[in-house]
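Below: one structure, written as structure tokens.
The values are calculated or read from the model by the stated rules, or taken from the named source; none is laboratory data. What you see is a predicted model, and the numbers here were worked out from it, not measured in a lab. Here the Cβ positions follow ideal geometry from the backbone for every residue, glycine too, while neighbour counts run over all protein chains shown.
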Amino acid sequence: MNSAPVGAGTKRRRSVLLLVAAGALTAALVVTGWFVVSRDRPGGPEGQVTEVPNIFPVPQHARPGTGSPVPLNGHVYIVAPSGTDQASIAAVQDLVAGAGGTAEAVTTLTSPREGASAVFLGSAATVSSALQALRLDSDPEIQYALGRAEGYALATGKAVGIPTAVLAGSDGDGVFHAVQTLRQLVRGGSVVPVRVADWPLMETRGVIEGFYGTPWSHQARLDVIEFAGRQKMNTYIYSPKDDPLLRDKWRDLYSDQELQELQELIDAAADNHIRFSYALSPGIDICYSRSSDLDDAVAKLDSLYSLGVRSFVIPLDDIATKVQCAEDLREFGSGQANLAKAQASFLNDVNDRFISAREGVLPLETVPTFYNGSASNPYKRELGQALNPGIVVQWTGEDVVSHRITQDSAETAGLTYGSPGSPRSLVIWDNYPVNDFSQDHLFMAPVIGRDAKLHESVRGIVTNPMIEPYLSLPAVFNYADLSWNGPGYDPDKSMSAALSLLAGPDPEVQEAVRAFVDLNQDWQDDALTPSAPQLRRDIDQFWEDYDAGRSPSGGLKARADLLQRLPELLPRMAEPGFSTDATHWMTAAAQYGRGVEEALVMLEAAKRGDVQAATMARRNVQGALTAATAKTQPTLELGVVTPVLGDSELKAFLDRALQQVPGS
């Protein structure tokens, strides 16, 4: 792990990067047609704009505002009453600087200078005068949003005689979320006229670092936390399976250096309004009835509490399905039901001795040993009856890796893990896009197959990402969108916005990113995520033309050229970590691109009877195929593996082309 602390300079560089990327997203959405009317569509009276930029996550209500845009490229008062969230103030200052303006932070504003504009920022109570000036104090949508946890309102108009944007939150989180929406509403240095009333539909929205394999670096964790905060998530669960102090050596306390790194993560999470949740996994060798094991668990959790952690998980997944020590066998007996009884006893004791005894701690969460499926069994039945009803269960859906998660399934699971008349509160641990079970693959298709109304049946959802943190960001973006507003989530639009954000404004780079992601769509033979759909379209068109004796359309040749340029283009992305994570896959893709290009030369030469040229091209195809299928991707426990792209669509094309021109 990188133990170097992240200083203010590093934080500012990341802020500038994300500010540039947000500008790129704006430009890209306009170019690609995503600059559209929002879900709320008023008639557009005189003086009112008729379009609202797309906002992600999709808000509950967004409509055009009246009046003129609010300039941020001049003198801008940031009116933030005492007690306003400092991270939100700093973010608005960065936004003003990025627009070319000068920010002046004040706590009140009565006599602004001529030509200035203002951004009022704070809780509904502290910016009430600005809300009244914009006639928002009686708006039912605005008032409803400001009455919901993490809700916010954002509107433009005039207050104290100058153009004004008001960002009001129901709480500090809501204020911060309003700023993330503001980032997406700046056009030409000004905030577009708009009125937004918004709140999340799910209480828990986030990322769980819960995979096997190489844990993320310290810097990657910081970057993912910041990215998640920008997308209005609120949870990061620290649970890497290969961190020994979480599992194999769970009783051991952290060293001072390790505590320093954890403190940096906890502080970064707080700055980005992310709840840092610590997951201790004692199930490998715990004796549930042994008082010393309970003491060790409480001591470990207490060491994290002293750093500021207020959210805790006790995962008991991927362990033996029976008690493991003689004391437990005597105390509880054998069998699945008695395992549940032993675990419930331990979890209830942790809840009593630690969770309930510490100020400000959120409800304890656990991952059962039988953590998937909605049907009952002796284990689940006993756990539901014996476990404290306030303890939350994390559940993966009907399968360990669930292709579909329905509202009916979640409701049934809540009853199964609960007790009669008292359904269990569930958080979905969603095993997508995790690739620890297939470390030669990347899973980069949009998040699909989750019911839009899951928020009515579960407490929340957290994504278990890939070993590659930056390649997981598109899915993180999708999950943020899905968990904030499931009914408004559109997988393709959300993925397009995510890729535009990460790619930056360069059209060539955007095209390259989309071509790379196209190669990594396939997910366990799911019919809704077909393998490399754009590549397959070009390959099918080529063979259709070739078999009919027509000149090829050129689509496959253009794609081959683009694939060969991936090592040049992806490092130019706004998010540099993406190309670093993709190194071995994009190198293999470039070799495949070279192979496809040579295959086209070979087929054309063979068609015109040029044996020498066909033979040379055939040799080049074989060389490219060998290079593309080389083992280059290191793993923690599986050695070096071959990066798989397009579910072998590229290899299949080259093999077929070679069959068309047999070697001598």
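A few remarks follow.
- Among residues that are within 24 Å of the chain's Cα centre (by Cα) and acidic (D, E), D285 is not included.
- Residue among T126, T156 that alone is crowded, with 24+ Cβ neighbours inside 10 Å and hydroxyl-bearing (S, T, Y): T156
- Condition met for D242 (touching a residue at least 60 places away in the same chain (Cβ under 8 Å) and within 30 Å of E637 (Cα to Cα)): yes
- Residues satisfying the stated conditions in the stretch 437-447, i.e. closer than 15 Å to S402 by Cα and crowded, with 18+ Cβ neighbours inside 10 Å: F443, A445, P446, V447
- Complete set of residues in the stretch 262-283 that are within 16 Å of Q219 (Cβ to Cβ), out of contact with any strand residue (DSSP E or B) (no Cβ under 6 Å at 6 or more places or on another chain) and small (G, A, S): A268
- Matching residues in the stretch 404-421 - criterion: being more than 12 Å from L383 (Cα to Cα), surrounded by fewer than 18 Cβ atoms within 10 Å (Cβ to Cβ) and of a type outside the set (K, R): Q407, D408, E411, P420, G421
One line per residue, one yes/no per condition, for (1) at pLDDT below 95; (2) of a type in the set (G, A, S); (3) crowded, with 22+ Cβ neighbours inside 10 Å:
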| residue | (1), (2), (3) |
| --- | --- |
| E226 | no, no, no |
| K232 | no, no, yes |
| P244 | yes, no, no |
| K249 | no, no, no |
| Y254 | no, no, no |
| F276 | no, no, yes |
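- Condition met for A103 (crowded, with 18+ Cβ neighbours inside 10 Å, under 34 Å from the mean Cα position of the chain (by Cα) and closer than 20 Å to V186 by Cα): yes
Residue-by-condition table, conditions (1) of a type in the set (V, I, T); (2) closer than 30 Å to L528 by Cβ; (3) in the same structural domain as G283 (by TED's automatic domain parsing):
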| position | (1), (2), (3) |
| --- | --- |
| P378 | no, no, yes |
| L383 | no, no, yes |
| I391 | yes, no, yes |
| D399 | no, yes, yes |
| T406 | yes, yes, yes |
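- If you go through the stretch 186-224 and keep only what is of a type in the set (A, V, I, L, M) and in a strand (DSSP E or B), you end up with V186, V191, V194, V196, A197, V207, I208.
- Count of residues meeting criterion [surrounded by 21 or more Cβ atoms within 10 Å (Cβ to Cβ) and either touching a Ser or Thr at 6+ places or on another chain (Cβ under 7 Å) or within 15 Å of S190 (Cα to Cα) (or both)] in the stretch 85-98: 3
- Where helices (runs of 4 or more DSSP H) fall entirely within the stretch 523-591, those with at least 1 residues that are aliphatic (A, V, I, L, M) and in contact (Cβ under 8 Å) with a residue 40 or more places away in the chain are at 533-547, 555-564, 566-569.
- Among the residues here, E331 does not qualify as more than 30 Å from L307 (Cα to Cα) and not in a helix (DSSP H, G or I).
- Selection of first residues in the stretch 125-142 that are in contact (Cβ under 8 Å) with a residue 60 or more places away in the chain and of second residues that are surrounded by 20 or more Cβ atoms within 10 Å (Cβ to Cβ) and in a loop (DSSP other than H, G, I, E, B), restricted to Cβ pairs under 6 Å at least 6 apart or on distinct chains, gives an empty result.
- Sole exception among (1) free of Cβ contacts under 8 Å to residues at least 60 places away in the same chain; (2) not assigned by TED's automatic domain parsing to the domain that holds L387 for S500, by number: (1)
One line per residue, one yes/no per condition, for (1) surrounded by 23 or more Cβ atoms within 10 Å (Cβ to Cβ); (2) farther than 19 Å from H75 by Cα:
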{"residue": "Q132", "(1), (2)": "no, yes"}
{"residue": "D137", "(1), (2)": "no, yes"}
{"residue": "V160", "(1), (2)": "no, no"}
{"residue": "V166", "(1), (2)": "yes, no"}
{"residue": "V175", "(1), (2)": "yes, yes"}
{"residue": "V179", "(1), (2)": "yes, no"}
{"residue": "G188", "(1), (2)": "no, no"}
{"residue": "A197", "(1), (2)": "yes, yes"}
{"residue": "S217", "(1), (2)": "no, yes"}
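Residue-wise test of (1) surrounded by fewer than 15 Cβ atoms within 10 Å (Cβ to Cβ); (2) among the charged types (D, E, K, R); (3) at pLDDT 95 or above.
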{"site": "A589", "(1), (2), (3)": "no, no, yes"}
{"site": "R594", "(1), (2), (3)": "no, yes, yes"}
{"site": "T615", "(1), (2), (3)": "no, no, yes"}
{"site": "A627", "(1), (2), (3)": "no, no, yes"}
{"site": "E637", "(1), (2), (3)": "yes, yes, no"}
{"site": "V641", "(1), (2), (3)": "no, no, yes"}
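- Taking the stretch 268-288 as the range and being of a type in the set (G, A, S) and in a strand (DSSP E or B) as the test, the residues that pass are S277, A279.
- Within the stretch 533-554, the residues that satisfy the criterion of being more than 30 Å from the chain's Cα centre (by Cα) and within 24 Å of P446 (Cα to Cα) are D538, I539, D540.
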